[in-house]
1. Where both partners of a DSSP beta bridge lie in chain B, what percent of those bridges are antiparallel, to the nearest 5?
2. Out of every Cα-Cα pair in the protein assembly as shown, what percent are more than 53 Å apart?
3. Pick out which of B:Asp144, B:Asp185, B:Asp203 has the largest mean-square fluctuation in a Gaussian network model of chain B, springs linking Cα atoms closer than 10 Å.
4. Only four residue types carry charge here, +1 at the Cβ of Lys and Arg and -1 at the Cβ of Asp and Glu. Report the dipole size of the protein assembly as shown about the Cα centre in Debye, rounded to the nearest 20.
5. Can you put B:Tyr111, A:Tyr404 in order of Cβ neighbours within 10 angstrom, beginning with the fewest?
6. If the reach is capped at under 18 angstrom between alpha carbons, list the lysines near A:Lys311, excluding any in the same chain fewer than eight residues apart.
7. To the nearest 20 Debye, how big is the dipole of region A:298-441 about its Cα centre, given +1 on the beta carbon of each Lys and Arg and -1 on that of each Asp and Glu?
8. Which three lengths, in whole Å and largest first, does region B:1-69 cover when its Cα atoms are put on their principal axes?
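Values quoted throughout were computed directly from the atomic coordinates according to the rules given, and no laboratory measurement underlies them. Quick caveat: nothing in here was measured; it's all calculated off a predicted structure. Counting neighbours? That spans all protein chains shown, and the Cβs are built from the backbone with ideal geometry, glycine included.
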Amino acid sequence: MSAALQNIINQPYKHGFVTDIESDVAAKGLDESTIRMISAKRNEPEWLLDFRLKSYAAWLRMTEPNWQNAHYPQIDFQAISYYSAPKQKPKLKSMDEVDPELLRTFEKLGVPLHERMALAGVAVDVIFDSVSVTTTYKEKLAEVGVIFCSFSEAVKEHPELVQKYLGTVIPSSDNFYAALNSAVFTDGSFCFIPKGVKCPMDLSTYFRINTEESGQFERTLIIAEEGASVSYLEGCTAPAFSSNQLHAAVVELVALDNADIKYSTVQNWYAGDENGIGGIYNFVTKRGLAQGVNSRISWTQVETGSAITWKYPSVVLLGDNSVGEFYSVALTNHHQQADTGTKMIHIGKNTRSTIVSKGISAGKSNNSYRGLVKIAPSASGARNYSQCDSMLIGQESGAHTFPYIQVANNTAQVEHEASTSKIGEDQMFYFAQRGIDAEAAVSMIINGFCKDVFQQLPLEFAVEATNLLSFKLEGSVG
Amino acid sequence: MIYPNSKTILEVRNLCASVSGTPILKNMNFTVKSGEVHAIMGPNGSGKSTFSKVLAGHSDYEITSGTVLFEGKDLLALAPEERARAGVFLAFQYPIEIPGVGNSQFLRLTYNTVQSHRGKEELDPLEFDDFVREKMKLLEMREDFLDRSVNAGFSGGEKKRNEILQMALLEPRLAILDETDSGLDIDALRIVSKGVNYLANKDNAIVLVTHYQRLLDYIVPDFVHVMEAGRIIKSGGKELALELETRGYDWVSDEYKAAARVAA
């Protein structure tokens, strides 16, 4: 690999900076009193404190999982601060009241909030270290009955909805990190699309981790009632810190009869430096329950950041004729490790699922697809199509595919296709011989490779994702 | 065709190149003037394909000594993409498949990249579409060809036609066709040759690397060279190729060795 190309791969993290905002940070460590403190800080009702304490009790009985294809030092859960909130005026009526330093942060990230709202018509629920700073377009959404707010606000304003659905898709005892999240989550987003409403705009949340050593435990809950539909966008960036940050979010989606939820993510958290020092541990539990007949849940993700990514956005296909989709691009470089995929659990009759996974590994990184397709005895006529493609860049990267297929109904059809390709010297030479430099060539090859996934993204996200991959990979072959 | 007072396009002097420490080209000398068509022939392993790739700048080959001037400039100092933009074109023996990358998108990128480096006008997708379809007629290519991925799933003949289409788009000063005839049936050979002949003019030059006379029935060379062990051991006119067809290469090799003994 030539020196010039090596330089391009080793470009420092573009969004690596720390915003100087005073944070209210809890002391490190976790016990029952920490949980009571978090709950008290947020003026939570008794039932939510109970939920947290039960989750904590479940977590204490669980052991940290170690089956994933990733290697990292033991996490000391007592060395993490479980609460951090920027000091802000309690209530903001307009954007003018938002801390200008915070707005500058978004400028650097290329998220011009005003423009984005005005031009794209996107309501951005801005999350800054666990606490929602401002929620926009709420009124317009309220006109059609859509609730889009921070999780804590939902707890105050719509406790009956939160209580009804919280933990129904991902029970607090589901897994180690989901239990931890359920015990200590601070904030996140809440969406409720009432019966028959097509959400008039894409809902978007930009996440950003800012305080060093603070664990991030976001909680997202999205409910689409009968015949409702919504497209939700999640995008993430984080500053460059030298110590690892644990992120264990939980996202729950519920789709009732004929409802449609599309959830798109572009993730670009700090991945560590070129020697693998620092970077975010992203251990996320995302699951959708296609509860109603003809309901549809679609996950699209573009994972480019984090030192370790460990997530399996899944769909439980409970309703007859329900549809689950998973479109994923996972890109790893340097020493990044990604173990990601999906679970499609077919329970209802004639349920259908599609899995399209594209893994790109460069540098010394390791990229694994892990997916489960499970057809229950009740799922007559169920169908699944899975396609897992891996692309290797350079000599030192690794790609792995771990498909698990369990079929307990003989009327089901399950298809799995996999391929591995390599951006080789010969491909690059072919482009060069046609006058095209290495950066443009890699960009074109990668975008071609990811096309099936990118076309699932909302337009402005697709553009961002294309730029992001190009930025992260251009010229990484020579 | 040989034109009086034509300019020298390529001048290779005492070129030596090796791959992983093994010398492949040994004192290669080769001169091409504008308007000319050269054929380089020779047995397998004689260094023909290496020579093509060295001219295009493939990184597997290390230049150990010698010079290459392209229109009077040091070609070896240029990166492969710079050579392409300057007008060196290599039609690959085995064109690479690039799944997922649309052919029309690829062709437009290469065309516009080269155009902009030559200070010429770039074309937008609609203009380019008209332009490329016109060129495709020359090579009797089907319309759906533009919608497919670059070379992916193409037949041998389609791949080679795609190479010549790119030559037609990029209008190189020097086109090196590395065994373009291999894997072609007689119809495809005729079409590809027609394309090359159409593109040949007094301002450019063509170097055909081939094993077989049959290509030279369609594209008639001004000069035929025989390579062996990394150098040209005999040059002649188009009749040399016919002689090779009937007599093989051994006599050329014997002649060269005898001459070398006399010289010693």
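1. Roughly 60 percent of the DSSP beta bridges within chain B come out antiparallel.
2. Considering the protein assembly as shown, 26 percent of its Cα-Cα pairs are separated by more than 53 Å.
3. B:Asp144
4. Roughly 660 debye, rounded to the nearest 20.
5. Lowest to highest Cβ neighbour count: A:Tyr404, B:Tyr111.
6. A:Lys262, A:Lys286, A:Lys343, A:Lys358, A:Lys374
7. 540
8. That gives 42, 24, 18 Å along the principal axes, largest extent first.
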